[in-house]
Amino acid sequence: MSDVSILDRVKRDLTDAMKAQDDVRRRALRSLRAALANKEIEQREGGAETALSPQDELAVVQKQVKQRRDSIEQYEEAGRQDLAEKEREEIEVLEAYLPDRLSDAELAERLDAIIDDVGAASMADMGPVMGRAMDELRGRADGNRVREMVQDRLSGESS
């Protein structure tokens, strides 16, 4: 990404969406802007004087995407495809603020390097591997996908 913060990009893109009368982008970006502002307020109340770090901003975007995925699941169980589709549209907008996703091959290569570096040999070593993997791969791979691949590697199912 560039030197511009996610919040600054969201503000600029929200203005563009309003001018273009793009309801989906406007709705998603207003929600994201509010979530970022809430996180900033929460940090200030905790004593922090600085703006959100890029990692904090990224975590907020990821949380927004995850909330929408959870909502989609619930809407589909309730037979509300119309609402599920709205959430999918908003996820598409929000994902533009996340780093590019890793392919399976790239993810496997990164995980193998982390496993070697940590010296993991069995499932007992999963905690340190997952901690390091999630720090390094934040926003670039789904946590469930990472967990499954680490489990496969540490249990000896994959080489």
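The values are calculated or read from the model by the stated rules, or taken from the named source; none is laboratory data. This structure is a prediction, so every number in the text was calculated from the model and none was measured. Backbone-built Cβ (ideal geometry, glycine too); neighbour counts: all protein chains shown.
Residue 116 passes every criterion in (1) in a helix (DSSP H, G or I); (2) under 20 Å from residue 32 (Cα atoms); (3) not assigned by TED's automatic domain parsing to the domain that holds residue 59 apart from (2).
Scanning the range 46-70 for residues that are touching a residue at least 24 places away in the same chain (Cβ under 8 Å) and assigned to a helix (DSSP H, G or I) returns 54, 55, 57, 58, 59, 60, 61, 62, 63, 64, 65, 68. Restricting 140, 132 to residues that are of a type in the set (Lys, Arg) and over 25 Å from residue 11 (Cα atoms) narrows the list to 132. Every condition in (1) assigned to a helix (DSSP H, G or I); (2) surrounded by fewer than 14 Cβ atoms within 10 Å (Cβ to Cβ); (3) in contact (Cβ under 8 Å) with a residue 40 or more places away in the chain is met by residue 74 except one, and the failing one is (3).
Can you give me the number of residues within the range 35-50 that are surrounded by 13 or more Cβ atoms within 10 Å (Cβ to Cβ) and over 23 Å from residue 100 (Cβ atoms)? So the count comes out to 5. Of the residues in the range 128-135, none is in contact (Cβ under 8 Å) with a residue 40 or more places away in the chain and either more than 23 Å from residue 63 (Cβ to Cβ) or touching a strand residue (DSSP E or B) at 6+ places or on another chain (Cβ under 8 Å) (or both).
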